[in-house]
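Remarks on the structure that follows.
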Amino acid sequence: MAITKVCGIETEYGIVVRGAGESNPVAASSVLINSYVAERNRRVGWDFEDESPGRDARGYNPVDEVYAPEVETHLVNAVLTNGARYYVDHAHPELSTPECIDALQAVLYDRAAERILQRSMEAARAVLPAGAELVVYKNNSDGKGNSYGCHENYLMDRAVPFARIVQQITPHFVTRQLVCGAGKVGCEAPGLSSADVPFQLSQRADFFEEEVGLETTLKRPIVNTRDEPHCDAQKYRRLHVIVGDANLSEVATLLKVGTTALVLSMIEDDVLPGDLALARPVQAIRRVSYDLTLARPLELADGRHLTAIDLQWQLLEHASKYARDRGLESVGAEVGADVLRRWEAVLAALEADPMQLADQLDWVAKYQLLRAYADRHGLAWGDARLAAMDLQYHDLRPTRSLFARLPMQRLVAEEAAEAAMTEPPRETRAYFRGACLQKWGADIVAANWDSLVFDVGAEPLRRVPMMEPLRGTAAHVGTLIAECDTAAELLDRLAS
């Protein structure tokens, strides 16, 4: 049976400095994160001991080493008490959620991440000159041809052939933007303009040029081959997904993570037929994003033609049968059943009238809002005011965000999101990381996804491995942590 789909979301946020002249995004991101961390008097850094982003799931390839992402050990890197990583990645602030047990928990910690960024902007104002502020956007494009990512991660069984993953997940990645695209005014693909593509479903579709590959910032692939499991590499792999948009809609995030976890479970159990392979996935991902009629057919490898909705219906049909035959334990029974219900309802609404989903899906909400404004003021889609509204949709300042003014459906309560800013998930190893940081932060010198490094005053430093994502949970170590008065006592009891 498929293993539990432990999952997480990494979001790179756009950032600008207002009211302070020329700005350096790296310096601005550092001020943003340091301001938040300093307010909490915590500064546990990231341990780069096991970082190897150049390792390729297809096997070692010396050509890929040239394009392997750089490990930037000199930039700000903090670990939070909710188990998350908050750091500067290239020229962006990035927050990686802790390991989550299911899609709904991923929604909760993604929402908590937004609140952390909002709190960071408030903290930064206190250290900036009067009139200056840092503004953060949860989007994926600067509108000038530069894109930044919102990545997902899913735990998978190492025994599953990677070639099967590539073949069977690609149709889902190409077509799921119907549900989880964040919407964008205009086009940034070479050779096309806003006149060719006035509005599209996805922020990211313009930037994918390969079907499979290691890169994340150039020649982006639909399926990323980074083989960096951050756990026992003999048993697991981490599927690093770079093809998604950053969503503000909680329903879109739930369906993005929930449907992908379901499809990966089917791939792992080898119950998904291979006849949904697309003839030209790179062309298809843009074709889907540019098609507001949702009716243009895609050519399959076997010569048939299906629309993106048809293909999503077929995946849903297989997922429903999978649920009946094998259950939904790998994605959480209750959450999985909710994902199936919502997936079906959303596809039905997309076929009937997509505007019914204006309170659930980002691209629909944005399109309806901007189209109404354009109609009222007689604007063409190329008008700069619509591009400005597109950006403002993603503004994380509550008083400026257009998204925040819309009656969007919410899945997590404000109180739960506030608590998730500091409290880790109880069902994964993130609990051990977060609980130790809360209780013995002064004794922890570094942390990463699969270990904590303690300094309890005696040489050498003590590293505690965390190679199993489903150990170190509250049920597993909660009592032990509560009973120990010191970090040294914890380490002694762990060693006994």
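Applying the condition of being among the hydroxyl-bearing types (Ser, Thr, Tyr) and open to solvent by 10 Å² or more (accessible area, probe 1.4 Å) to region 165-207 and asking which residue is farthest from Leu292 (Cα to Cα) yields Thr170.
Step by step: first the residues of region 232-247, then only those that are open to solvent by less than 10 Å² (accessible area, probe 1.4 Å) and outside any strand (DSSP E or B), then the one that is nearest to Leu201 (Cα to Cα). Which residue is that? Break it down stepwise before answering.
So the first thing to find is which residues in region 232-247 are open to solvent by less than 10 Å² (accessible area, probe 1.4 Å), and the list is 239-242, 244-247.
Right, trim to outside any strand (DSSP E or B) and you get 245-247.
Details: Asp245: 10, Ala246: 12, Asn247: 12 Å.
The selected residue is Asp245.
What residue, among those in region 277-292 that are among the aliphatic types (A, V, I, L, M) and either assigned to a helix (DSSP H, G or I) or more than 25 Å from the chain's Cα centre (by Cα) (or both), is surrounded by the fewest Cβ atoms within 10 Å (Cβ to Cβ)?
Ala279
Scanning region 356-374 for residues that are closer than 16 Å to Arg410 by Cβ, surrounded by fewer than 20 Cβ atoms within 10 Å (Cβ to Cβ) and of a type in the set (A, V, I, L, M) yields a single hit, Ala358. Residue count for region 401-417 under the criterion of being over 15 Å from Lys366 (Cα atoms) and open to solvent by 60 Å² or more (accessible area, probe 1.4 Å): the result is 3. Checking Ala380, Ala384 one by one, the residue that is closer than 25 Å to Ile15 by Cβ and open to solvent by 60 Å² or more (accessible area, probe 1.4 Å) is Ala384 and no other. Pull up region 436-461, narrow it to residues that are open to solvent by 70 Å² or more (accessible area, probe 1.4 Å) and at pLDDT below 95, then point me to the one that is nearest to Asp485 (Cα to Cα). Ranking the qualifying residues of region 436-461, first place goes to Ala442.
Among the residues of region 87-113, those that are in a helix (DSSP H, G or I) and open to solvent by less than 20 Å² (accessible area, probe 1.4 Å) comprise Ala103, Ala106, Val107, Tyr109, Asp110, Arg111, Ala112, Ala113. Out of Glu334, Glu299, one residue alone is surrounded by fewer than 16 Cβ atoms within 10 Å (Cβ to Cβ), touching a helix residue (DSSP H, G or I) at 6+ places or on another chain (Cβ under 9 Å), without any contact (Cβ under 8 Å) to a residue 24 or more places away in the chain and assigned to a helix (DSSP H, G or I). It is Glu334.
The values are calculated or read from the model by the stated rules, or taken from the named source; none is laboratory data. Bear in mind that the values here come from a model prediction, so they are computed numbers and not experimental data. Neighbour counts run over all protein chains shown; Cβ positions are idealised from the backbone, glycine included. Remember, those area values only see protein heavy atoms, side chains included, never the ligands or the DNA or RNA. Shrake-Rupley method; radii C 1.70, N 1.55, O 1.52, S 1.80 Å.
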